[in-house]
Amino acid sequence: MRSANLIAGSIERHEALREIASFQAKSRDVRGAIATAATIQDDIGTAAALRDVTAEQAAAGDIAGALRTATAIGDDAIERMLTAEALRIVAAAQAKRGDSRGAVGERSNGWC
């Protein structure tokens, strides 16, 4: 992450940090991934990184964690769009695992 912070352009730096967060989540270091996402000094970049973390959590079967991450993304217009996309990814992972009721929000799990 130190190397990413040395990148001069903010867009490029944010993209590098987002990729690092995604890799951390893929490696099951969700806490590290969320911490890396928080270092992105752009709300949309942070939201996009958290969406990517959500996708990795859902793919790994951590549905509860993915839902927590997705609902923490933010509440401005673009962040809401990324939250909706993250929740769609979680629903697809639930459906793929055979949890169609959870995917459409029929269970009372506090998230739907």
Helix 43-59 vs. the chain, principal-axis angle (Cα, 0 to 90°, nearest 10): 50
Two decimals is fine: what is log10 I(q)/I(0) at q = 0.18, 0.19, 0.24 Å⁻¹ for the chain, from a Debye sum with one equal scatterer on every Cα and no solvent? -0.81, -0.89, -1.25
So, relative contact order of the chain in percent, Cα under 8 Å, 6 or more apart, is 18
By the C-alpha gyration tensor axes a ≥ b ≥ c (rounded if a/c is under 1.5, else prolate when a/b exceeds b/c, else oblate), the shape of segment 44-86 is prolate
How charged is the neighbourhood of Ile40? Take every other residue with its Cβ under 10 Å from the Cβ of Ile40, and add Lys/Arg as +1 and Asp/Glu as -1. -1
Relative to the longest principal axis of the C-alpha atoms of the chain, give the angle of the C-alpha long axis of helix 10-26, reported between 0 and 90° and rounded to the nearest 10°. 40
Do any GluC sites (Glu not before Pro) in segment 39-112 lie in a loop, going by DSSP, with at most 14 other beta-carbon atoms within 10 Å of their beta carbon, and if so which? Glu106
Excluding Arg18 itself, calculate the net charge of residues whose Cβ lies under 11 Å from the Cβ of Arg18, where each Lys or Arg counts +1 and each Asp or Glu counts -1. -3
Taking neighbour counts of Cβ atoms within 10 Å as a proxy for exposure, in what order, fewest first, do Thr69, Thr39, Thr83 appear? Thr39, Thr83, Thr69
With a sphere of radius 11 Å drawn around the Cβ of Gly65, what net charge do the other residues whose Cβ falls strictly inside it have (Lys, Arg +1; Asp, Glu -1)? +1
Against the longest alpha carbon principal axis of the chain, how many degrees, from 0 to 90 and to the nearest 10, is the axis of helix 77-96 turned? 50
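Taken together, the values in this text are just the output of simple stated rules run on the coordinates, not laboratory data. From a predicted model like this one, the values you see are computed outputs, not experimental measurements. Note: ideal-geometry Cβ built from the backbone for every residue, glycine included; neighbour counts use all protein chains shown.
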